[in-house]
């Protein structure tokens, strides 16, 4: 099922989208969002939302497999991130000072409404929380929900992070954002040189204020376990066994919401490092949605 059979992941140029993918911009409530789509627009829809400091390209190895299986797949850069750098709270009506949950949720809902519904949705890391809120507000828009590397705890989500979670209790949002960016720029997670080049290029456009505001929001993660547990759609919690949050917390979260748990030999980014396995589990999720 490989999207790139035999591909050497260490040599991928992440700035180049898969063959046939279309770049465009979507007029969201917060401004112009950079979007990539792949597949037949007449097919069932999938929307993939990346996390903070991420981008639509994080799903480049998953997009071809999902499209080839008969889906129209869309991913986008969150407001303030990478090529959506000009989207932000100052463009809302009326304008606001900070990126907040309402902004990110309104953008996602607008994107889901821009075509046939319901839609299969994947939220990655912070965007998984955004997707949960959108589901709570507009359940009719969702055919299924996949939560990739999702914060498994409500409230101060960073408190459960392995090894350095204790730092989040003493660092403010700005300091936390600076520490996060510092760690990514210095490649503490050990990504390939090709991937690192793209990450650094992406940071040149991403607004630091958007990262800082998201750090603040992640310390106020809403508790939506009851909403998820009673949702009439199939749920998937997908995570690397070496994620920043311990696997036991993800397992507890998946059990509490009645989701299937999929674990990969990966870190926080299974869509980049184990794309075939993730795509396989997503297609199984979508098949279960059809059956139900």
So in the range 252-266, with the set limited to residues that are part of a loop (DSSP other than H, G, I, E, B) and crowded, with 18+ Cβ neighbours inside 10 Å, which one is modelled with the lowest pLDDT?
266
Can you confirm whether residue 34 is farther than 27 Å from residue 158 by Cα and more than 18 Å from the chain's Cα centre (by Cα)?
no
Among residues of the range 88-103 being touching a residue at least 40 places away in the same chain (Cβ under 8 Å) and part of a helix (DSSP H, G or I), the residue surrounded by the most Cβ atoms within 10 Å (Cβ to Cβ) is 103
Which of the residues that make up the range 219-228 are assigned to a helix (DSSP H, G or I) and touching a helix residue (DSSP H, G or I) at 6+ places or on another chain (Cβ under 7 Å)?
225, 227, 228
Considering only residues that are touching a strand residue (DSSP E or B) at 6+ places or on another chain (Cβ under 6 Å), more than 14 Å from residue 149 (Cα to Cα) and part of a helix (DSSP H, G or I), which ones fall in the range 229-250?
none
Would you check if residue 122 is within 15 Å of the chain's Cα centre (by Cα) and surrounded by fewer than 24 Cβ atoms within 10 Å (Cβ to Cβ)?
no
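The values are calculated or read from the model by the stated rules, or taken from the named source; none is laboratory data. Here the structure is a predicted model, which is why all the values come from computation and not from measurement. A quick note on method: Cβ atoms are made from the backbone with ideal geometry, for glycine too, and the neighbour counts reach across all protein chains shown.
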